[in-house]
Amino acid sequence: MTLFLEQLLNGMQLGVTLFLLAAGLTLIFGIMGVINLAHGSIYMIGAYAGTYVAATTGSFLLGIPAGLAAAALTGIAVEFLVVRQLYDRDHLDQVLATFGLILIFNQAITMIFGRQPLFVGLPDALSGSVELLPGLFYPLYRLAIIAVGLLVAAGLYLLINRTRVGMLVRAGSTNREMVRALGVDIRLLYTAVFALGALLAGLAGYMAGPILAVQVGMGEQILITTFVVVVIGGVGSVKGAFYASLLLGVTDTALRAYLPGLLRQVMVGPEADALGAGISSMGIYLLMAIVLLIRPKGLFAGNT
Amino acid sequence: MSFKGSVLALAATALVALPASAEPVKIGMITTLSGPAGYLGQDIRDGFKLAMEMEGGTLGGVPAELIVEDDGLKPGNGRQIAERLITNEGVKLFTGIVFSNVAGATVPDIVDSGGFYLSPNAGPSNLAGKGCHENYFVVSWQNDSLHESAGQNATNLGYKSAFVLAPNYQAGKDAIAGFKRYFKGDIVGEIYTSLDQTDFAAEMAQIRAAKPEAVFQFHPGGLGIAFLRQYQQAGLSETVPMVVAAPSMDGVTLAAVGDAALGLNVSSHWNSDFDNPANAAFMKAWTAAYDRPATYYASQGYDTALAMASALKATGGSLDDPAAFREALRKADFASVRGKFAFGPNQHPVQNWYALKVEKGADGKPELKTVGQVFEDRGDTYAAECKM
């Protein structure tokens, strides 16, 4: 039972990390109609900038504003210099341009930081484990990630549902032309949304630093999964992205944890392991296929 | 990124000594320089270059030109580069490939065209056994040996049960098979992770539940860094010792993981603290030239250059008589940084394997220390199948 709860927490932690990335991606996709492959690069930039500052100053906290600022500024620059030219083009042009950005960012990071992954330790205050239930120890840092992720989700909910900016964002994702016709400065809104998305990606990147490897190409590893989240949740829906992230995180973790064991009940050991590993790495894509069969526009399309 | 660096140095003395070979020998280095695994190729290249620079831009007194190309970890690229270098540049001597899948696509083309290939890293099983070739030499190791030495190391350390993990691809499966071949205890759990997986929390929970005496894992590069950090964060590094092979813990990984690596058992054919004159010279030159830790990849690049130099010296820089060049190479007449070194019947190394442990160094930073020997004069499992 404790093992199950631990796996559930693991799934949630993966889920909220995905959510931080997916929230920005779905807003950018839903409101501006831009497929931004460079979102993963912004995640990487947040991780590198934050980790570099944290490593030089020795303070984990100082890394947070550094990572967030670097990611947000990169986001604004990308929107201003590249994406702005692409709003009226078709998706293929956008994919091509933002894919080019991935190559440029990867190479730039290699030139600045070299090919060796950066080292970052856990902040001392969060380095231990806590006993949540008798026998259930869980790393404090992962709990902190879950907490931050949920806080961000709550903040986004308030921002989108209770503020004027949020109203424009919701309107923009439903009917872009109408918002423009009503005299809203859509360009400013676009830049703001892009910056917000980049900020969240940078936060995800910096928080993932002590757990994963801060290295060139780390964004591409998680980008595909993030797109799966966006598609399952429904393009443009932050609420959808939230539920889809958690669903995906828990599904992925549960499959990896339990499927080989279940298969071993009915099959020979090595075959069960191989098949289990195969199916669990396909799991999230199978989930996406099933969701698309039932709800072709995603779970929460159109009711942000 | 396409990187083309050429070291062209014509030492005047060498020219006087060898008037016949005014043209430098061209060496094609096809290696992986881009992407997360780029540091592997970078170290092989720089180790090789270091050996050349220490001899005034020559290999064994023979002027040499090194042509470096990036394969981007794509087998197709490796093959195209090899074809281009063979036809356009007339290169007959190749080295550099980091990954087995690239080697598998590229090496056969090189040796079939009459060229020589000396591997500074990848040693796939299919080219070590039935697929061996008289123009194909491996200076590093046969892939399985890495993990067999880890298995033997775990047995020597007295562990009765182990939990094994590796990514679900050929090298991962080979790693687990190699480990099992020499581990005498029970395997209490076996997990194949996904190659694009960065979060191992689910696996950590399963390890804890299985209560093994030791964990063996093979996760090269960034995957390994993530795995080790999460292993420590899950509190497992204090309770379950870990045994790994060299690719899971090199100097670069160690710098990125930090204290999470303390206590780790590694088995390797080389370590920076080896006490022999060749290694002392290599470490001194490396530290002076580069501002980063020397990895075993660098040592292999360096050894490959020395092996090439020994054969070029014997033939006076000529590749016109392949049989003479091959004979000279087979003698392995060079001082390896590993100490004892010879080529076996399939032209793969016969060498010692050592047990290393990650401990706190004098400056408080974790470092790899050699603590014992695992295998002596060990060839590989496939040598018997090779008929030349």
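The values are calculated or read from the model by the stated rules, or taken from the named source; none is laboratory data. Note that this is a predicted model, so its numbers are computed, not measured. Positions of Cβ are generated from backbone atoms using ideal geometry, with glycine treated the same way; all protein chains shown enter the neighbour counts.
General remarks:
- Cβ-Cβ under 6 Å pairs, at least 6 apart or on other chains, region B:219-232 side among the hydroxyl-bearing types (Ser, Thr, Tyr), far side surrounded by fewer than 24 Cβ atoms within 10 Å (Cβ to Cβ): B:TYR231/B:SER237
- No other residue among A:LEU92, A:LEU61, A:LEU5 is surrounded by fewer than 21 Cβ atoms within 10 Å (Cβ to Cβ), without any contact (Cβ under 8 Å) to a residue 40 or more places away in the chain and among the aliphatic types (A, V, I, L, M) apart from A:LEU92.
- Number of positions in region B:88-102 that are among the hydroxyl-bearing types (Ser, Thr, Tyr) and at pLDDT 95 or above: 1
- Listing of helices (runs of 4 or more DSSP H) fully contained in region A:1-96 that carry 1 or more residues being within 14 Å of chain B (Cβ to nearest Cβ) and in contact with a Ser or Thr (Cβ under 6 Å, 6 or more places away or on another chain): A:2-27
Okay, residues lined up against (1) within 30 Å of A:THR226 (Cα to Cα); (2) more than 10 Å from every other protein chain (Cβ to nearest Cβ); (3) in contact with a helix residue (DSSP H, G or I) (Cβ under 6 Å, 6 or more places away or on another chain); (4) in contact (Cβ under 8 Å) with a residue 60 or more places away in the chain:
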| position | (1), (2), (3), (4) |
| --- | --- |
| B:LYS130 | no, yes, yes, yes |
| B:GLN152 | no, yes, yes, yes |
| B:TYR159 | no, yes, no, yes |
| B:PRO167 | yes, no, no, no |
| B:ARG181 | no, yes, yes, yes |
| B:ILE207 | yes, yes, no, no |
| B:PRO212 | no, yes, no, no |
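- Residue in region A:216-233 that is assigned to a loop (DSSP other than H, G, I, E, B), buried (at least 24 other Cβ atoms within 10 Å of the Cβ), out of contact with any His (no Cβ under 8 Å at 6 or more places or on another chain) and touching a residue at least 24 places away in the same chain (Cβ under 8 Å) present: yes
- Any hit, region A:108-126, residues being free of Cβ contacts under 8 Å to residues at least 24 places away in the same chain and closer than 16 Å to A:PHE194 by Cβ: no
Quick grid of which residues meet (1) assigned by TED's automatic domain parsing to the domain that holds B:ASN156; (2) part of a loop (DSSP other than H, G, I, E, B); (3) not polar (S, T, N, Q):
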residue	(1), (2), (3)
B:LEU254	yes, no, yes
B:ALA288	no, no, yes
B:PRO293	no, yes, yes
B:GLY317	no, yes, yes
B:ASP320	no, yes, yes
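- Only listed residue being surrounded by fewer than 23 Cβ atoms within 10 Å (Cβ to Cβ) and more than 20 Å from B:ASN121 (Cα to Cα), chosen from B:LYS313, B:LYS340: B:LYS313
- Some residue of region A:272-285 being crowded, with 19+ Cβ neighbours inside 10 Å, among the β-branched types (Val, Ile, Thr), part of a helix (DSSP H, G or I) and more than 11 Å from chain B (Cβ to nearest Cβ): no
- Scanning region B:242-280 for residues that are away from every other protein chain (no Cβ under 14 Å) and either at positive phi or β-branched (Val, Ile, Thr) (or both) returns B:VAL243, B:VAL244, B:GLY263, B:VAL266.
- In the set A:VAL231, A:VAL179, A:VAL216, only one residue is under 21 Å from the mean Cα position of the chain (by Cα) and more than 13 Å from chain B (Cβ to nearest Cβ); that residue is A:VAL231.
- Count of region B:353-388 residues which are assigned to a loop (DSSP other than H, G, I, E, B) and touching a helix residue (DSSP H, G or I) at 6+ places or on another chain (Cβ under 7 Å): 3
- Selection of region A:112-125 for residues being facing chain B (nearest Cβ under 10 Å) and either out of contact with any helix residue (DSSP H, G or I) (no Cβ under 7 Å at 6 or more places or on another chain) or part of a loop (DSSP other than H, G, I, E, B) (or both) yields A:GLY114, A:ARG115, A:GLN116, A:PRO117, A:PHE119, A:VAL120, A:GLY121, A:LEU122.
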